[in-house]
Structures are given as C-alpha cells and as structure tokens.
Amino acid sequence: MTAFEWLLAVFCAAATSLHIGTAALTVYRCRRRERLLQPPQEAPSVSILRPVCGVDTYDEATLASGFALDYPNFELIFCCADADDPAVALVRRLQAANPGVRARLLIGNHAISANPKLNNLVKGWHVARGDWVIFADSNVLMPPDYVQRLLAGWRAGAGILCSPPIGCRPHGFAAVLECAFLNTYQARWQYAADSIGLGFAQGKTMLMRRRDLTAAGGIHALASEIAEDAAATKVVRGMGLEATLVDAPFGQPLGRRTLKQVWDRQTRWARLRRITFPLYFAAEVLTGSLLPLLCLAYVADAALELPAEMTAAAVGGLAVLWLGSEAVLARAAGWHLSWQSPVAWVLRDAMLPMVWLHAWLTEGYAWRGNEISTADGSVRAH
C-alpha cells in the first residue's frame with residue numbers, strides 16, 4: 001500500500017471509531033428517563049422567556065406545556081413583535097385557560113441586533129424577575145419536570161446550560177430526514193463535544209443565572225454575534241465559565257415538513273456556524289459516513305485488490321456498522337426510529353457535503369419573514 005492508501009485506511013478507521021464513540025457517549029448522556037424529578041424544597045425563582053411568531057402545527061401543544069410545569073416558583077413571559085400576529089390570540093387563550101399560572105404577554109420590538117428573535121426578547125428580559133432565566137423557543141415541548149431537569153443539570157463552572165432540539169412526532173419522510181439531522185447527527189456531536197469539555201450553547205433552551213448575564217452586560221451581550229447562542233457561548237467562555245448541555249434533551253414536534261424546509265433550515269444553521277465558529281465548521285466536511293465508505297471502497301479495490309463482491313461486502317458491512325450505531329442510539333434515547341430512519345440517515349450523509357459547501361458560497365438567509373444578511377448584519381422584512 002502507498003502512503004496515500006494508508007492515509008485513507010487510517011482516516012476510515014478513525015472516522016468509524018469516532019462515530020461509534022460519539023454514539024456511546026450520547027447514549028450515556030441521553031438515555032431515556034422514566035421517573036419525573038420532583039421540585040426542590042427551596043425552589044429558586046425562574047423566569048421563562050418564550051418568543052412567539054406565527055402559529056405552526058404544534059405550537060398550541062408546545063406553548064401549553066409551559067402552563068403545565070410542575071414547579072412552584074416560575075413565571076412565563078411571552079414576547080411577540082407584532083400585535084396582529086396570530087400567536088397573540090393563542091397565548092391569550094392559554095392565559096385565560098390557566099389563570100393560576102403567572103404569565104405575561106409583551107408586544108413590541110427593540111432592535112439591538114440583526115437577530116429578530118433576540119430583538120423580540122429584549123422587553124422580556126427587562127421585566128423578568130427570576131434568579132434564573134430560561135430562554136425557550138416556542139416549539140420546545142416542555143415536560144412537567146422541565147425546570148427541575150435544567151436546574152439539576154447545572155454544574156460547577158457552568159455559565160449556561162442548554163438543550164439541543166430533538167425532533168419528534170414527524171409526519172412524512174422529509175420530517176424523518178430532519179430527525180436524522182437533529183438527533184443522531186447534530187445532537188450526537190454536541191453531546192460528545194460537551195462530554196470532553198467543548199460544549200456549545202444552543203438557542204432552543206438556554207438557562208442562565210440572571211446575575212451572570214447582568215454582569216456580562218445584560219441581554220445586549222447576546223447581540224455580539226448574529227446568533228444569540230453563539231454569542232452566549234463566547235460570553236460565558238470570556239467570563240471563565242462553560243457552556244454545557246442538559247442530560248436527556250427536550251423534544252421539538254416537527255409535524256409535516258417539506259424537503260425545501262429541511263434544506264433551508266440546515267443551510268441556515270450551517271452558515272451561522274461557519275460565521276461564528278469557522279475553524280470548527282471547516283472540519284464538518286469530514287463527518288458523516290460518505291467519505292469513510294468511499295475510502296474503504298478505494299483501498300479494498302485499488303490497494304488490496306479484493307474481488308468486487310468482497311469489496312461490496314466490506315463497504316456494506318461498514319455501512320451497517322455506521323447505521324446500526326445510530327439505531328442503537330435512537331432506541332436507547334427514546335428518539336424517533338422507524339423503517340425510514342436508515343434511508344434518511346443515508347440521504348443526510350449524502351447531503352452533508354452539499355450543505356457544507358453551500359454555507360461557504362452563500363451569504364444571508366430567510367427567517368420568519370425576514371431576509372438577514374450574514375455579510376453586513378442587515379435585516380429586511382418582507
């Protein structure tokens with residue numbers, strides 16, 4: 001074998017070992033929990049800020065889940081930029097149905113950044129009174145012990161605790177494909193990184209101590225990057241603290257998706273990762289099963305001169321190992337797993353290089369009716 005062929009073989013072995021290792025770490029962190037955590041006897045005050053914009057299929061269920069929390073000392077603060085937004089009527093209906101829950105709806109917009117979601121949350125930050133503040137997207141499904149699990153996951157040296165989105169309740173193959181991106185790929189890598197001390201914040205659920213964010217400059221500190229979670233990661237690291245992840249993350253019901261919606265979401269996130277953490281993002285092209293399978297096929301055929309059927313068997317065996325590891329992870333964590341999942345995992349891995357390349361070659365994206373430029377930070381509503 002030539003030096004180049006040895007390099008391909010070593011890369012294939014290393015990539016496969018990383019894949020299995022990250023799956024094992026994530027199984028440990030994300031294995032399903034059957035027992036709900038009880039509220040602590042001395043429950044600290046918690047403010048939950050939820051930005052709302054429009055109404056999607058599962059928004060009533062996800063927003064209502066916040067009213068059913070089994071925690072004695074919390075307030076819900078809903079933030080909406082436009083009084084005519086259909087989410088306003090939904091929130092008011094939920095407030096009326098749950099008069100015993102402290103819940104407020106704030107309307108208005110305070111432009112402090114190119115990030116519409118952050119601009120929407122500013123007013124909520126200014127009225128929040130909790131010792132702890134949770135920023136939670138409207139499509140996060142909160143279990144009854146949501147707050148307890150976040151507080152229990154806080155560890156010494158943390159500055160922020162987050163939960164990546166876990167796709168659930170998919171309808172149709174495109175939604176299963178989104179599960180393939182969110183669950184056994186992105187969440188797997190995030191938990192593996194967090195387990196070795198390289199955690200990154202994710203904006204779906206972010207728990208912070210009010211005093212820490214106040215010391216950093218308040219919510220305006222999250223405007224230092226185009227994405228508030230990337231800004232939060234850098235803010236807490238600048239304070240000598242860590243960004244960490246909660247064990248057993250929370251679900252995001254997907255409903256029906258189109259392939260275009262999945263593509264748009266993944267390329268938007270990829271561009272944001274490229275802008276905020278370019279060195280880490282550059283290595284993403286090496287993830288996924290496509291390159292290791294191609295390397296094994298080349299080495300088996302060109303270097304080892306195996307017969308075609310043996311080469312095919314070796315490549316097929318490696319593919320089963322990769323897909324089987326994801327299946328074990330999804331089963332152990334209680335994430336979506338169906339006969340469509342392996343097909344979605346294969347398609348996702350084929351798409352990863354295209355998503356990566358697209359992120360380097362394009363600027364700007366559309367989000368909730370806004371055209372956002374990643375080049376100059378400008379925002380244009382449409």
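The values are calculated or read from the model by the stated rules, or taken from the named source; none is laboratory data. For clarity, every value in this text was computed on a predicted model and none was experimentally measured. Positions of Cβ are backbone-derived with ideal geometry, glycine not excepted, and every protein chain shown enters the neighbour counts.
Here are some notes:
- Members of the stretch 155-177 that are farther than 26 Å from Trp263 by Cα and either surrounded by 16 or more Cβ atoms within 10 Å (Cβ to Cβ) or under 13 Å from the mean Cα position of the chain (by Cα) (or both): Ala158, Gly159, Ile160, Leu161
- Considered as a group, the residues in the stretch 36-84 that are of a type in the set (S, T, N, Q) and more than 20 Å from Ile112 (Cβ to Cβ) include one that is modelled with the lowest pLDDT, and that residue is Gln41.
- Among the criteria (1) surrounded by fewer than 18 Cβ atoms within 10 Å (Cβ to Cβ); (2) among the hydrophobic types (A, V, I, L, M, F, W, C); (3) modelled with pLDDT of 95 or more, the one Leu304 does not fulfil is (3).
- Scanning the stretch 327-340 for residues that are closer than 17 Å to Pro253 by Cβ and small (Gly, Ala, Ser) yields Ala330, Ala333, Gly334, Ser338.
- Exactly one residue among Pro72, Pro51 is touching a helix residue (DSSP H, G or I) at 6+ places or on another chain (Cβ under 6 Å), in the same structural domain as Gly130 (by TED's automatic domain parsing) and either under 11 Å from Val147 (Cβ atoms) or touching a residue at least 60 places away in the same chain (Cβ under 8 Å) (or both), and that residue is Pro51.
- If you go through the stretch 80-110 and pick out every residue that is touching a residue at least 24 places away in the same chain (Cβ under 8 Å), over 30 Å from Gln41 (Cα atoms), of a type outside the set (Asp, Glu) and not in a helix (DSSP H, G or I), you end up with 7.
- Residue check for Asp247: touching a residue at least 60 places away in the same chain (Cβ under 8 Å), among the charged types (D, E, K, R) and not in a helix (DSSP H, G or I): yes
- Restricting the stretch 25-41 to residues that are touching a helix residue (DSSP H, G or I) at 6+ places or on another chain (Cβ under 7 Å) and among the charged types (D, E, K, R), the residue that is nearest to Ala192 (Cα to Cα): Arg29
- Among the residues making up the stretch 25-47, those that are surrounded by 16 or more Cβ atoms within 10 Å (Cβ to Cβ) and part of a helix (DSSP H, G or I) are Leu25, Thr26, Val27, Arg29, Cys30.
Yes/no per residue for (1) of a type outside the set (Gly, Ala, Ser); (2) closer than 23 Å to Pro164 by Cα; (3) at pLDDT 95 or above:
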{"residue": "Leu259", "(1), (2), (3)": "yes, yes, yes"}
{"residue": "Trp269", "(1), (2), (3)": "yes, yes, no"}
{"residue": "Tyr280", "(1), (2), (3)": "yes, yes, no"}
{"residue": "Ala300", "(1), (2), (3)": "no, no, no"}
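- Scanning the stretch 275-292 for residues that are more than 14 Å from Leu352 (Cα to Cα) and touching a residue at least 12 places away in the same chain (Cβ under 8 Å) yields Ile275, Thr276, Phe277.
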